[in-house]
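The values are calculated or read from the model by the stated rules, or taken from the named source; none is laboratory data. Model, not experiment: these values are computed from the prediction. Glycine gets a Cβ as well: all are built from the backbone with ideal geometry, and neighbour counts include every protein chain shown.
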Amino acid sequence: MTHTLLSQRHKQELREKGVTVVENVIPSTTCDEYINEYQEWLKKFSNAEGIPFPNTENSGFSLIQGYRIGHFAATWGARLHAKRVYAELWDTQKLLTSIDGVAIGRPPEDGTTEFYAGDNEFIDSKGNIHRKPKKHWLHIDQKHKRLGLHAFQGAVYLEEATSIDWCFTVMEGSHKFHDTFFNNCPTSDTNNSSSLRPRNLLESEVDWFLERGCAVRRIGAPKGGMVIWDARLVHANAFPKQNRKHRERWRYCVFTTMTPAIWGTKKTLRNKREAYTNMFLTTHWASQGGRVWQDTRSTPENTITELPDIARSLNARQLAGMDPYDFNDGQPNGPDWTPKWESGYTDY
């Protein structure tokens, strides 16, 4: 009998904090195999394009969203392992997946990237002192048109990350204030744009969440573990801190979001099929409102030319929206509710 990955503690942390860490999603030896695939790929850049590292918009933050990396065999492998977690979260095997990017972060000790810049203080109206990062990428992926819970996002860690390594940053409990923030914060309408990428929070907005008790926390994860968070949560990645124990440690992290397939809309399924067929990446949204992420920076020389075998399996094709599920087979289809949207909005 297959053991469960999610405990009641995990589910409670998602409700209360908006984030949890799940252990033992991928065996350590399998993680090493996936890391080796990415390392072999990185070697192609030593004499190509005049740069020593993949050139995408956010590669300086470790995030790679080009070169068809979302369709590498290692990426699909990690994604299929993550499905077990999402199947337990949603109580169904019938899921759709995003085709997200991968984070590969180099050690700042070698001079190729930044260290964590340190903290500032914020004193709230009750006199409590809070710490917040001087330099950050804190943002909210779920925009104002989505009401309530729409998705849980995930990051599969192929290498251990302590809270002083390349890791994850959240504002705990901020998901509870999502609707309030967009309804009442005077600057939040900047997030109403049609851009695929959310903007960083302003300092005044970070303070707004701190005032409501949403502390900034750096979250580590074990090798083969997975960080899961509510899509309404304020979050970002975080640079390593100086004088950390494992100075040579890289970041290897695969992002994926899965939601019930029965929620899938015609428009999103059409976009998913385009992404799979052309080996494009997508935004985080797997069932509703998903868009194609067409990379414009990377070149075709240093990437795969066809889908790997693992991506052609029935399991992968169903996750990608290429092959349908049977919603009348008597097996669970997921929760008995569907995501809510702002009144009158139908473009999803």
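Any idea which of (1) more than 16 Å from Asn243 (Cβ to Cβ); (2) more than 21 Å from the chain's Cα centre (by Cα) is the one Glu109 doesn't satisfy?
(1)
To keep it simple, each residue is scored yes or no on (1) farther than 14 Å from Asp323 by Cα; (2) of a type in the set (S, T, N, Q); (3) under 18 Å from the mean Cα position of the chain (by Cα).
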residue	(1), (2), (3)
His246	yes, no, no
Thr256	yes, yes, yes
Ala261	no, no, no
Thr265	yes, yes, no
Thr277	no, yes, no
Trp285	yes, no, yes
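Lys267 versus (1) at pLDDT below 95; (2) under 27 Å from Arg68 (Cα atoms): which is the lone unmet condition?
Answer for Lys267: the failing condition is (1).
Go through region 305-341 and report how many residues are in contact with a His (Cβ under 9 Å, 6 or more places away or on another chain) and at positive phi.
Number of matching residues: 0.
Residue under question is Glu114, and the condition is that it be surrounded by fewer than 19 Cβ atoms within 10 Å (Cβ to Cβ), farther than 18 Å from Ala221 by Cβ and without any contact (Cβ under 8 Å) to a residue 60 or more places away in the chain; does it hold?
No; evaluated as a whole, the condition is false for this residue.
Considering only residues that are more than 20 Å from Ile140 (Cβ to Cβ) and of a type in the set (S, T, N, Q), look in region 1-28 and name the one that is farthest from the chain's Cα centre (by Cα).
Thr2
Among the residues that make up region 309-318, is at least one of them in a loop (DSSP other than H, G, I, E, B) and in contact with a Lys or Arg (Cβ under 6 Å, 6 or more places away or on another chain)?
Within region 309-318 (the criterion being in a loop (DSSP other than H, G, I, E, B) and in contact with a Lys or Arg (Cβ under 6 Å, 6 or more places away or on another chain)), the answer is no, since none of the residues qualifies.
Have a look at Gly101, Gly77 and point out the one that is modelled with pLDDT under 95 and within 15 Å of Ala155 (Cα to Cα).
Criteria check complete, one pass: Gly101.
What are the residues in region 260-287 that are of a type outside the set (A, V, I, L, M, F, W, C) and buried (at least 20 other Cβ atoms within 10 Å of the Cβ), if any?
Pro260, Gly264, Thr268, Asn271, Lys272, Tyr276, Thr282, Thr283, His284, Ser287
Restricting attention to region 292-307, which residues are of a type outside the set (A, V, I, L, M, F, W, C) and either farther than 22 Å from Gly321 by Cβ or surrounded by 17 or more Cβ atoms within 10 Å (Cβ to Cβ) (or both)?
Matches in region 292-307: Asp295, Thr296, Arg297, Ser298, Thr299, Pro300, Glu301, Asn302, Thr303, Thr305.
Contact list please: Cβ distance under 8 Å, first residue in region 278-293 and without any contact (Cβ under 8 Å) to a residue 24 or more places away in the chain, second residue among the aromatic types (Phe, Trp, Tyr), pairs at least six apart or on different chains.
Going by the 8 Å Cβ cut-off, the qualifying pairs are Val292/Phe280.
Of all the residues that make up region 322-348, how many are of a type in the set (Asp, Glu) and either farther than 14 Å from Lys143 by Cα or outside any loop (DSSP other than H, G, I, E, B) (or both)?
Of the residues in region 322-348, 4 are of a type in the set (Asp, Glu) and either farther than 14 Å from Lys143 by Cα or outside any loop (DSSP other than H, G, I, E, B) (or both).
Could you look through region 292-308, keep only residues that are outside any loop (DSSP other than H, G, I, E, B) and touching a Ser or Thr at 6+ places or on another chain (Cβ under 9 Å), and pick out the one that is nearest to Pro54 (Cα to Cα)?
Filtering region 292-308 for residues that are outside any loop (DSSP other than H, G, I, E, B) and touching a Ser or Thr at 6+ places or on another chain (Cβ under 9 Å), the one nearest to Pro54 (Cα to Cα) comes out as Trp293.
Could you please find all residues in region 6-19 being surrounded by 18 or more Cβ atoms within 10 Å (Cβ to Cβ) and not in a helix (DSSP H, G or I)?
Lys17, Gly18, Val19
Can you run down the residue pairs with Cβ atoms below 9 Å, 6 or more apart or on separate chains, where the first is in region 20-33 and within 23 Å of Arg218 (Cβ to Cβ) and assigned to a helix (DSSP H, G or I) and the partner is modelled with pLDDT of 95 or more and of a type in the set (Ser, Thr, Tyr)?
Sorted first by the residue in region 20-33, then by its partner, the pairs are Cys31/Tyr157; Cys31/Tyr252.
For region 282-302, how many residues meet the condition of being of a type outside the set (D, E, K, R) and within 18 Å of Arg146 (Cβ to Cβ)?
Matching residues across region 282-302 total 9.
Could you tell me how many of the residues in region 137-171 are crowded, with 20+ Cβ neighbours inside 10 Å and under 30 Å from Arg249 (Cβ atoms)?
Here the count works out to 20.
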